[in-house]
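Quick notes on the structure that follows.
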Amino acid sequence: MKNIVLFGPPGAGKGTQSERLIEKYKLIHLSTGDILRAERKAGTTLGKKANEYIEKGELVPDEVVIGMVANKINENLNAIGFIFDGFPRTTAQGEALDEMLNKLGHPITKMIALEVDEDELTKRLLLRGETSGRADDQDEATIRNRFKVYNNETLPLKDYYDAQGKYLGVNGMNRIETVFGDLCKILD
Ligand code: C5P
Ligand code: MG
């Protein structure tokens, strides 16, 4: 299995690149943000609860997202591999993911971080907010909180994967096609 963590702040291009990568490499796209938004749209209890966090730019509790990821992995045990997009978001989530994948004998292959500065990220998120309908992309205070949460809770995962020799950075400021080319070089 090729199991890739596509890492980076909100607006870095994780979703965009995941769409392309899954097509080329036939991997499963596991986006916890997409799953949470689908639950919200379906009006489930989980979706309603998750929305309270999403609209503030806070993180849904670890045990909730870890459970979602475990379900998705277990539904796809014959997959060629997964692209984890927007997960893990905390060191506890990273540890839980390692435990699940190690048990299956298919650990994370690489953690690839898309690096983009905050001015560019803010521009991208506000632009996306004009068409995505995502309230968390339309409000600058929420966007700032998402960066804060990312820097405090998520960024420590860089060291976590680096310590395993799995961390790689890619310049996410480049054009979509260029970034995709850089990612393919790593995956091939
Ligand atoms: O990954 P994405 O940016 O689509 O996530 C949108 C929102 O969903 C996050 O700001 C957060 O509120 C929630 N989320 C979360 N935990 C995750 C993934 C997403 O709380 N692992
Ligand atoms: Mg996304």
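Take the range 47-95 and flag every residue that is within 14 Å of the chain's Cα centre (by Cα) and not in a helix (DSSP H, G or I).
Result: LEU59, VAL60, PHE82, ILE83, PHE84, ASP85, GLY86, PHE87, PRO88, ARG89, THR90.
Considering only the range 28-56, how many residues are in contact with a strand residue (DSSP E or B) (Cβ under 7 Å, 6 or more places away or on another chain) and surrounded by fewer than 21 Cβ atoms within 10 Å (Cβ to Cβ)?
The qualifying residues number 3.
Which of the residues spanning the range 122-133 are touching a residue at least 60 places away in the same chain (Cβ under 8 Å) and within 13 Å of ligand 2 (Cβ to nearest atom)?
If the condition is that a residue be touching a residue at least 60 places away in the same chain (Cβ under 8 Å) and within 13 Å of ligand 2 (Cβ to nearest atom), then ARG124, LEU125, ARG128 are the ones that fit.
Have a look at ILE112, ILE80, ILE4, ILE73 and point out the one that is within 27 Å of PHE180 (Cβ to Cβ), away from ligand 1 (no atom under 13 Å from the Cβ) and touching a Ser or Thr at 6+ places or on another chain (Cβ under 8 Å).
Of ILE112, ILE80, ILE4, ILE73, the one residue that is within 27 Å of PHE180 (Cβ to Cβ), away from ligand 1 (no atom under 13 Å from the Cβ) and touching a Ser or Thr at 6+ places or on another chain (Cβ under 8 Å) is ILE4.
Can you tell me which condition ALA92 does not meet? The list is (1) aliphatic (A, V, I, L, M); (2) surrounded by fewer than 20 Cβ atoms within 10 Å (Cβ to Cβ); (3) closer than 23 Å to TYR25 by Cβ; (4) away from ligand 2 (no atom under 16 Å from the Cβ), and all the others hold.
(3)
Can you name every residue in the range 22-46 that is outside any helix (DSSP H, G or I) and in contact (Cβ under 8 Å) with a residue 40 or more places away in the chain?
LYS26, LEU27, ILE28, HIS29, LEU30, SER31
Of everything in the range 129-186, what is outside any helix (DSSP H, G or I), modelled with pLDDT of 95 or more and among the basic types (Lys, Arg)? Give them in sequence order.
Across the range 129-186, the qualifying residues are LYS166, ARG175.
I'd like to know if the range 10-19 contains one or more residues that are more than 16 Å from ligand 2 (Cβ to nearest atom), buried (at least 22 other Cβ atoms within 10 Å of the Cβ), within 18 Å of THR154 (Cα to Cα) and of a type in the set (A, V, I, L, M, F, W, C). Steps first, answer last, please.
As a first pass, look at the range 10-19 and keep what is more than 16 Å from ligand 2 (Cβ to nearest atom): none.
The answer is no, given that none of the residues of the range 10-19 is more than 16 Å from ligand 2 (Cβ to nearest atom), buried (at least 22 other Cβ atoms within 10 Å of the Cβ), within 18 Å of THR154 (Cα to Cα) and of a type in the set (A, V, I, L, M, F, W, C).
List, please: which pairs have Cβ atoms under 6 Å, are six or more places apart or on different chains, and start with a residue in the range 66-90 that is over 23 Å from PRO9 (Cβ atoms) and end with one that is part of a loop (DSSP other than H, G, I, E, B) and modelled with pLDDT of 95 or more?
Pairs found: ILE80/LYS26; ILE80/LEU27; GLY81/LEU27.
The values are calculated or read from the model by the stated rules, or taken from the named source; none is laboratory data. Since the structure is predicted, the reported quantities are computational estimates derived from the model, not experimental observations. Cβ sites come from the backbone with ideal geometry, for glycine too, and all protein chains shown count toward neighbours.
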